[in-house]
Amino acid sequence: MNPHESERSRLPFAREAAAELILTTFVAFGLWIARAIWPGGILLGLAILVTLVWIGLLFFMRDPPRTPPDEEGIYLAPADGKVVAIDRIDEASFVGEPTLRIAIFLSLFDIHVNRSPVAGTVRKVRHVPGRFLQAFREEASQVNEYNDIGLEDGSGRILVKQIAGILARRIICTVREGDQVQAGQRVGMIKFGSRTEAFLPPDSRVEVQRGDKVRGGLTILARRQG
């Protein structure tokens, strides 16, 4: 596990959001000071607007601590959101064989921290530029900008795909090839609406249905057979 994981879990927001929060804090503070010195409607409007943006960022970048279920042979949701697809497809880039794909759409109201579905070793990290279609659209999985995180858990290969959306223009991955991760550990985030997909062994027993709401690092997506 990342040695900083337990320390980071105490933060109320994702560490990856620190730059945006610090910037908006200083801008809002400066505008309210300027408004006190030079009263005026324009400064007041700007101060209120930036303060609302700051509050929105606090909400969007929240990162509550979570304790994953302690069970063998389970695959956890890599993100919060709604299940929009469950199918079996070939995944040639890392897994190299048919897989069970479970896709999760993250709205602006969901927590956007991504977590590992399993404990294992990071074998691949790859960023691929692309388009920015709405993340709930099926074609977004193929044409949008994305980042692959390939994992080995001792029984097979699992892939987590971080996919940008129409507003998400920055994908953050906090793990590197060779890293050891625990089930439910943070592996990155996608800033603003997006999509995250888990590619699991094809014979896994699915525990969710399309339309279900899931929580990253907590909800069991599927169970390993045998």
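The values are calculated or read from the model by the stated rules, or taken from the named source; none is laboratory data. A quick note: this is a predicted structure, and the numbers were derived from the prediction, not measured. As a convention, Cβ positions derive from the backbone with ideal geometry for all residues, glycine included, and neighbour counts pool all protein chains shown.
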Please enumerate the residues belonging to region 168-183 that are modelled with pLDDT under 95 and crowded, with 22+ Cβ neighbours inside 10 Å. Ala168
In the set Lys213, Lys191, Lys124, the lone residue that is in contact with a helix residue (DSSP H, G or I) (Cβ under 8 Å, 6 or more places away or on another chain) and basic (Lys, Arg) is Lys191
Check off (1) in contact (Cβ under 8 Å) with a residue 24 or more places away in the chain; (2) part of a helix (DSSP H, G or I) for Phe136 and give me the number that stays unchecked. (2)
Scanning region 139-173 residue by residue, those of a type outside the set (S, T, N, Q) and assigned to a loop (DSSP other than H, G, I, E, B) turn out to be Glu139, Glu145, Asp153, Gly154, Gly156, Gly165, Ile166, Leu167, Ala168, Arg169, Arg170
Given the condition over 30 Å from Glu20 (Cβ atoms) and part of a strand (DSSP E or B), answer yes or no: does some residue in region 180-198 qualify? no
Hey, any hits in region 87-97 for a residue that's surrounded by 24 or more Cβ atoms within 10 Å (Cβ to Cβ), under 19 Å from Val175 (Cβ atoms) and of a type outside the set (D, E, K, R)? no
Just one listed residue, out of Val84, Val113, is crowded, with 16+ Cβ neighbours inside 10 Å, closer than 17 Å to Ser194 by Cβ, β-branched (Val, Ile, Thr) and within 14 Å of the chain's Cα centre (by Cα), and it is Val113
Looking at Gly130, Gly154, Gly165 in this structure, which one is of a type in the set (Gly, Ala, Ser), at pLDDT below 95 and under 28 Å from Glu71 (Cα atoms)? Gly154
Looking only at residues that are closer than 20 Å to Ala85 by Cβ and in contact (Cβ under 8 Å) with a residue 24 or more places away in the chain in region 122-133, which one is surrounded by the fewest Cβ atoms within 10 Å (Cβ to Cβ)? Gly130
Just to check your reading of the model, which residue among Gly217, Gly211 is over 21 Å from Gly96 (Cβ atoms), buried (at least 21 other Cβ atoms within 10 Å of the Cβ) and touching a residue at least 60 places away in the same chain (Cβ under 8 Å)? Gly217
Looking only at region 90-114, how many residues end up being among the small types (Gly, Ala, Ser) and in a strand (DSSP E or B)? 1
So which residues in region 59-81 are part of a loop (DSSP other than H, G, I, E, B) and surrounded by 14 or more Cβ atoms within 10 Å (Cβ to Cβ), if there are any at all? Met61, Asp63, Arg66, Pro68, Gly73, Ala77, Pro78, Ala79, Asp80
